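The values are calculated or read from the model by the stated rules, or taken from the named source; none is laboratory data. Predicted model only: the values in this text are computed from it and were never measured. Note that each Cβ is placed from the backbone with ideal geometry, even for glycine, and that neighbours are counted across all protein chains shown. Accessible surface areas use protein heavy atoms only, side chains included; no ligands, DNA or RNA. Shrake-Rupley method; radii C 1.70, N 1.55, O 1.52, S 1.80 Å.
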Amino acid sequence: MFSSTFSEQQQKDLAKRLISFLSIYKHISDSYIIEFFTENLWDTLPEGWQKALSDLTAPQIADLLLDSEIKNRIYPSVWPLSLLALRATAHTLSFPRTPSDHRIVEDTVGHVKPEEFLSNSSQSSLLGHIFRKHVKPKKQHEIRKLGTLVKQLCDQTQCSSVVDVGSGQGHLTRFLSFGLGLDVTGIEADPNLVSMASKFDGQLLLTLAKESQKTGTSPLSTIGPEPQHVLGWVNPRATWEVFVQQLGKRQKESESYPDSAALCKKRQRVSVSAQGHEVESKLVYGSQHLCTEECSSVADVDERQVISLLQKPDGGNSDCLAQSVSVPTEPLLKTTVGLNNLHNKDLYNDTPVGLVSNTGSGWTPASALGEVHSCTQSLDFVLTGLHACGDLSATLLRHFVNCPHVQGITSVACCYMKITTKENPNPPGLIPSPLSDNLEEVSQSDYGYPMSEWVRGLPGHELSYKAREGACHAMEDYLNRLREESGLLKTHCYRAALESIIRAERPHLRRAGIQTIKKAHTLSFSEYAHLGLPRVGLSADLPFNRDHVESMLEQQGRVVVYFSLALLLAPVVETLVLLDRMLFLQENGFQSRLVPLFDPALSPRNFVLVAVKPKADGEEIH
């Protein structure tokens, strides 16, 4: 399952073709649609393309240009061979985005969606109710599928510890921990998200306690290991030793919980890493749940009832916000909760998965390199990052390569525009280091793209900020807009016309951000301009030539076509970025595989890069 689908030479050849192709159409991928009028983008297209594309309807654009699955296309006119070649090559060079087990169905109103959301569009039928609370459908889908893959990777590597980087509110860590029996540490830079993760963990435990006390026999400590949350910024320039220190410098769980607040309080650790040293490390207390209700039998819970609750997606009451428990004298979380007796079924459906046994007393203080898993006294762990932003995904891959304790990795990337490059080392939106004096020199090998020596050595490999930003756009969502002839299609034309007005008033003001105007497609252009102009420092009542604006708005179809041409190139750009990472792993001696894991219509960044280190005896992992 985790073997590479391409040989090293095939990967290199594909990288060459991708760069050669993108170099030809760089003027399209690098263009900004809001400059459609100010830069006369339509006139940059070949005359034959203009004639073929100018009168297409929105559904025709979807079928004839963007959808790679259409077999029998009916053209209203003869297309130039160069345009046909563009479409065919873009589709051929892009990694396929459809998962192998992809199954979609139509609901009662004709909307296509994953089968798991057929009965309830907001609740996955394949995920237990305790893991759906506070979680949107997209994230439900992602944590279920990625969690299952991580569990398989742990089985392959015989490793039961997982580190989730960029863990956010902890939705994935909870599923991996409580649902799949893994010992999980999440690290997140945003203290608000870490606090929410701690709060939601507590709510999950309180929900189980409340529901389980109805039968009240076995102690709750047999359910599963509780995830740990570390507040820390992962420095892309720091060594793997520093990263492991961030994870490992902790005290035992039992030392940080007063008996009367075991369910209601979670410890967080603040850590910011620099070049090879720990800058700040201290223990702080996270959010506390309101304690308003006595529950003297929390520790007396029927284990079978708990398993049943976890297995039944719609069983029981999952709403226990502000519910609270007074814990008995034996603290519930005095030891790391283990899945000692749950080896037959997983905890979100009835599929046998062979859960590993986890016991122990939590996390011990770090050694020189940090202690990651005191339960087994093993430092080994699997890395995962669900939509780790920008350079963070590249950093995880480097840690996988360099750190002897990382046995496997699943990397789902996003926000390619925030990747650092030699040409653009500080892209917009990049989160700066919290260390103001951290001004160390950065070598080419430290940038987020390219990572591989092969791609770095190919002429024309550079990818602009705009090309990388375009690679984050959702092809499937735009296809739906085109086929439904959605009113949302007018927003690009509105913004391009507004840009023309702004430039006429202030020529130096180029591509100023006005942010999203809610329900812009329902507004007249005058209303849209009235809201948008003040956001760039201009009067809401700034006069403009209405006849000229009307002539621009009549070209909405051309704006949609041009945006679609750029969108056609977006998967090619994403393929190059991800292939570069595969080549980086290959150059360092590791095979990898790129798997389209999620439904792309639900989760546009749906690729997961999977890699496993071979066993010490040289035996291949299958």
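Positive-end ranking of 568, 525, 592 along the dipole of region 521-595, with charges on Cβ about the Cα centre, is headed by 592.
A dipole drawn for region 391-538 from +1 and -1 charges on Cβ atoms has a positive end, and of 394, 480, 404 the residue lying farthest that way is 480.
Per residue, region 166-205 exposes an accessible area of 19 Å² to a 1.4 Å probe, with every protein chain left in place. For residue 162, the residues whose amide H sits under 5 Å from its own are 183, 184, 185, 382, ignoring neighbours fewer than 5 places away on the same chain, with H placed 1.01 Å from N. For region 556-604, the set of trypsin sites (Lys or Arg not before Pro) satisfying both a DSSP loop assignment and a count of at most 16 other C-beta atoms within 10 Å is empty. Computed with every protein chain present, the accessible area of residue 446 is close to 50 Å² [probe 1.4 Å].
Return the whole-Å distance between the Cα centroid of region 581-604 and the Cα centroid of region 156-190. Going from one Cα centre to the other spans 20 Å. Pairs spanning more than 25 Å between alpha-carbon atoms, out of 26/422; 71/145; 12/615: 71/145; 12/615. Residues of region 455-487 falling in the label zone of residue 26, defined by backbone nitrogen less than 17 Å from a point 7 Å along Cα to beta-carbon, are 455-470. Phi-derived couplings, Karplus 6.51 cos²θ - 1.76 cosθ + 1.60 at θ = phi - 60°, listed residue by residue for region 92-98: 6, 6, 7, 4, x, 9, 8 Hz, with x used for Gly and Pro. For region 390-406, the Karplus equation 6.51 cos²θ - 1.76 cosθ + 1.60, evaluated at θ = phi - 60°, returns couplings of x, 5, 4, 5, 5, 4, 4, 5, 5, 5, 4, 5, 8, 8, x, 8, 7 Hz by residue, with Gly and Pro reported as x. Each residue of region 148-165 was assigned a 3J(HN,Hα) from its phi angle through the Karplus curve 6.51 cos²θ - 1.76 cosθ + 1.60 (θ = phi - 60°); the sequence is 4, 5, 4, 4, 4, 5, 4, 5, 4, 8, 6, 10, 9, 9, 10, 10, 9, 9 Hz, with glycine and proline shown as x.
Packing, taken as the mean count of other beta carbons within 10 Å per residue, orders the peptides 172-178, 239-245, 93-99 from highest to lowest as 172-178, 239-245, 93-99.
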